[in-house]
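A short worksheet on the structure shown next.
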Amino acid sequence: FPEAAVNFQVTRESALEQARAFVAAQGLPFTDYQSAIVFSVNENEKTYLEREAGIEEANRLMSSEVNVWYWDARFFKPLQKEEFRVDIDPAGRIVGYRHALEEATPGERLERAQAITHAESFLRDTLHLPLGSYTFLPAEANSSVHPNRTDWTLTWERTGFRAKDAPYRLLVALAGDRIAGYQEVLQVPEAWQRDFDRMRSRNNLLAALATIS
């Protein structure tokens, strides 16, 4: 069981405090927000690695190069859309962040170059990631215009890395000039995902038929 080999270097309590400090460092007030934290796994990425790379290689990748396990900390107010979520891996590294905003929340209208510079600063200065090991993907830079701001999603890919056919990527979301999202993802190929979904649907159907009979 790969889960048995997870090297926990941060406890639930310390992960929650680290997540709270990270949100506070973004300069956003949330002192009266409620909090919750759970340990989670990206089952899709984990299944892909185990099926395509083999159990031994999958375990090696998941313990060193590909993040699939994480503490998911959430800060929220009941009935309010705005909330914060921070993902922290077992070693204590920030691997995900989401700041949900109201559609009408005001913000800047950054041009593409400005958005890239802002995102690079976040990756380099806040997360301390080695940007020299990643390649920016121009085709994955997308903007969306909202009533009071322009949002961007930007993507970097780890240079020279593939887990079978899947690259490892960093996704940054901007809401105006605010960092509204960050995620490290193993980009599972769409063709594999479609085939796996079909297989899972077929298995579910057979299980249902067996139950009926």
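The values are calculated or read from the model by the stated rules, or taken from the named source; none is laboratory data. Nothing here was measured: the structure is a model prediction, and the numbers come from that model. Every residue, glycine as well, gets a Cβ built from its backbone with ideal geometry; the counts of neighbours run over all protein chains shown. Keep in mind that these areas ignore ligands, DNA and RNA; they rest on the heavy atoms of the full protein, side chains included. Shrake-Rupley method; radii C 1.70, N 1.55, O 1.52, S 1.80 Å.
General observations
- Condition broken by Glu157, with the remaining ones in (1) within 15 Å of the chain's Cα centre (by Cα); (2) under 28 Å from Ile37 (Cβ atoms); (3) part of a strand (DSSP E or B) satisfied: (2)
- Pairs, first under 15 Å from Phe76 (Cβ atoms) in segment 10-24, second assigned to a helix (DSSP H, G or I), C-beta under 6 Å, six or more apart: none
- Selection count where residues are touching a strand residue (DSSP E or B) at 6+ places or on another chain (Cβ under 6 Å) and at positive phi, scope segment 5-29: 0
Yes/no per residue for (1) open to solvent by less than 40 Å² (accessible area, probe 1.4 Å); (2) modelled with pLDDT under 95; (3) in contact with a Pro (Cβ under 7 Å, 6 or more places away or on another chain):
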residue: Thr117; (1), (2), (3): no, no, no
residue: Glu120; (1), (2), (3): no, no, no
residue: Pro147; (1), (2), (3): no, yes, no
residue: Trp152; (1), (2), (3): yes, no, no
residue: Val172; (1), (2), (3): yes, no, no
residue: Val185; (1), (2), (3): yes, no, no
residue: Glu190; (1), (2), (3): no, yes, no
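- Residue among Asp32, Asp125, Asp72 that is free of Cβ contacts under 8 Å to residues at least 60 places away in the same chain, of a type outside the set (Ser, Thr, Tyr), open to solvent by 70 Å² or more (accessible area, probe 1.4 Å) and not in a loop (DSSP other than H, G, I, E, B): Asp125
- Put simply, of Arg85, Arg109 the only residue that is under 20 Å from Thr31 (Cα atoms) and either among the aromatic types (Phe, Trp, Tyr) or at pLDDT 95 or above (or both) is Arg85.
- Test: residue in segment 99-108 that is in a strand (DSSP E or B) and of a type in the set (Val, Ile, Thr): no
- When segment 160-170 is filtered for residues that are at pLDDT below 95 and either open to solvent by less than 30 Å² (accessible area, probe 1.4 Å) or part of a strand (DSSP E or B) (or both), only Ala163 remains.
- Complete set of residues in segment 171-191 that are β-branched (Val, Ile, Thr) and assigned to a strand (DSSP E or B): Val172, Ile179, Val185
- Scan segment 88-106 for residues that are open to solvent by less than 30 Å² (accessible area, probe 1.4 Å) and either at pLDDT 95 or above or closer than 23 Å to Glu45 by Cβ (or both) and the total you get is 9.
- Number of residues in segment 1-35 that are closer than 28 Å to Gln187 by Cα and among the small types (Gly, Ala, Ser) equals 4.
- Being modelled with pLDDT of 95 or more, surrounded by 12 or more Cβ atoms within 10 Å (Cβ to Cβ) and hydrophobic (A, V, I, L, M, F, W, C) is a description that does not apply to Ala24.
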